[in-house]
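Worksheet: one structure, shown below.
The values are calculated or read from the model by the stated rules, or taken from the named source; none is laboratory data. What you see is a predicted model; the values in this text were computed from it and never measured. When we count neighbours, we look across all protein chains shown, and the Cβ atoms used for this are built from the backbone with ideal geometry, even at glycine.
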Amino acid sequence: MEYKNILFEAAEGVATVTFNRPKALNAMNSDTMGELMDAVNRIRSDEAIKVMILTGAGEKAFVAGADISQMVDMRPQPALAFMELGHETLRMMETMPKPVVAAINGFALGGGTEIAMSCDFRFASENARFGQPEILIGLIPGWGGTQRMARLIGVGRAKELIMGGDQIDAKRAYEIGLVNRVYPLDQLMAETKKFAAKLARLPGFALKMAKHAINFGYDLSLDNANRLEMECCAQCFSTDDQKEGMKAFLEKRKPNFKGC
Ligand code: CAA
């Protein structure tokens, strides 16, 4: 697929996808969402790619939401299709067996916060701003915000942001656990790439099992979730990387992981 609204680059095991409509503050229309879905599929199936980074072009926005100009005259059925496309894409990314790091370089509003919440890690620049302002335009979040935000920061805080519609800055987002780390804008990509490079060197199958156990265990009963964890942990013993990791520890040397 030829991309018009995103940039795609891959190097040394890390693929970086950049939303590239800076004049519209990287607002997400259905074409852009379709391109993101294609990129996620590509990363998922390319064995050379171990980690995905998601960011926005320009210094002002990660994604300022779903594209309002595309939605303004929509009837319910096309609106449902637009929401389904977003949900399908974000769930695909969220459950992809490789880590995804969001580098949030400015406004992440509405669909922007929702995209960020479906990543495994959120690193933000100091100028980043978050929120679910849909209520201010007669809407509610449609790409998982009501569900992922409540799970991530708690029902009370999620209701405050979603029903109040206010924006919060990166410092507040860090305080409430919406983001993992905050950096000055000029350091954001370098720090994100450093973290991604570290992940790319770690045992890929164990990373996959960790993500799987957390994602799919979260909504189970504790007994069933613990059973899922045991199965995932046991599966790691099928890999050379587990043998190498433990031998290296016992032999007091650095492990040489091969990713299998
Ligand atoms: N959709 C379409 N275009 C958008 C956009 C969006 N979500 N956000 C910004 N833009 C466009 C603006 O229309 C403007 O275009 P023009 O230059 O052609 O007029 C351009 O980006 C720059 O935006 P502003 O002039 O508004 O920039 P600002 O610095 O004054 O304000 C902002 C920045 C606070 C982010 C403001 O643009 C804004 O409030 N954007 C909308 C945020 C929003 O409501 N997001 C939720 C969308 S609904 C949603 O996401 C539903 C869902 O869950 C799936």
* Asked: Using beta carbons and a limit of 7 Å, which pairs, at least six apart or on different chains, have the first residue in the range 64-93 and on the phi > 0 side of the Ramachandran plot and among the small types (Gly, Ala, Ser) and the second one within 13 Å of the ligand (Cβ to nearest atom) and in a loop (DSSP other than H, G, I, E, B)?
  -> Gly65/Ala27; Gly65/Gly110
* To do: May I ask you to verify whether Gly156 is under 19 Å from the mean Cα position of the chain (by Cα) and either outside any helix (DSSP H, G or I) or away from the ligand (no atom under 16 Å from the Cβ) (or both)?
  => no
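Conditions (1) more than 27 Å from Ile162 (Cα to Cα); (2) at pLDDT 95 or above; (3) over 18 Å from the mean Cα position of the chain (by Cα), marked per residue:
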residue: Lys23; (1), (2), (3): no, yes, yes
residue: Ala27; (1), (2), (3): no, yes, no
residue: Val40; (1), (2), (3): yes, yes, no
residue: Ala48; (1), (2), (3): yes, yes, yes
residue: Gly56; (1), (2), (3): no, yes, no
residue: Val63; (1), (2), (3): no, yes, no
residue: Ile68; (1), (2), (3): no, yes, yes
* **Residues being within 21 Å of Gly106 (Cα to Cα) and out of contact with any strand residue (DSSP E or B) (no Cβ under 8 Å at 6 or more places or on another chain) - total across the range 161-170** => 2
* Asked: Here are some residues: Ile140, Ile162. Which one is within 13 Å of the ligand (Cβ to nearest atom), more than 11 Å from the chain's Cα centre (by Cα) and either assigned to a loop (DSSP other than H, G, I, E, B) or not assigned by TED's automatic domain parsing to the domain that holds Asp31 (or both)?
  -> Ile140
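Here's the yes/no breakdown for (1) of a type in the set (A, V, I, L, M, F, W, C); (2) touching a helix residue (DSSP H, G or I) at 6+ places or on another chain (Cβ under 9 Å):
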site	(1), (2)
Tyr183	no, yes
Glu191	no, no
Phe205	yes, yes
Met209	yes, yes
Ala225	yes, yes
* To do: Pull up the range 56-95, narrow it to residues that are under 15 Å from Ala27 (Cβ atoms) and polar (S, T, N, Q), then point me to the one that is surrounded by the fewest Cβ atoms within 10 Å (Cβ to Cβ).
  => Ser69
* **Matching entry among Gln187, Gln167 (being in contact with a Leu (Cβ under 9 Å, 6 or more places away or on another chain) and under 19 Å from Ala116 (Cβ atoms))** => Gln167
* Candidates Glu2, Glu47, Glu9, Glu84, filtered to the one that is part of a strand (DSSP E or B) and not β-branched (Val, Ile, Thr) -> Glu9
* Considering only the range 50-66, how many residues are touching a Phe, Trp or Tyr at 6+ places or on another chain (Cβ under 9 Å) and either assigned to a helix (DSSP H, G or I) or within 15 Å of the ligand (Cβ to nearest atom) (or both)? -> 9
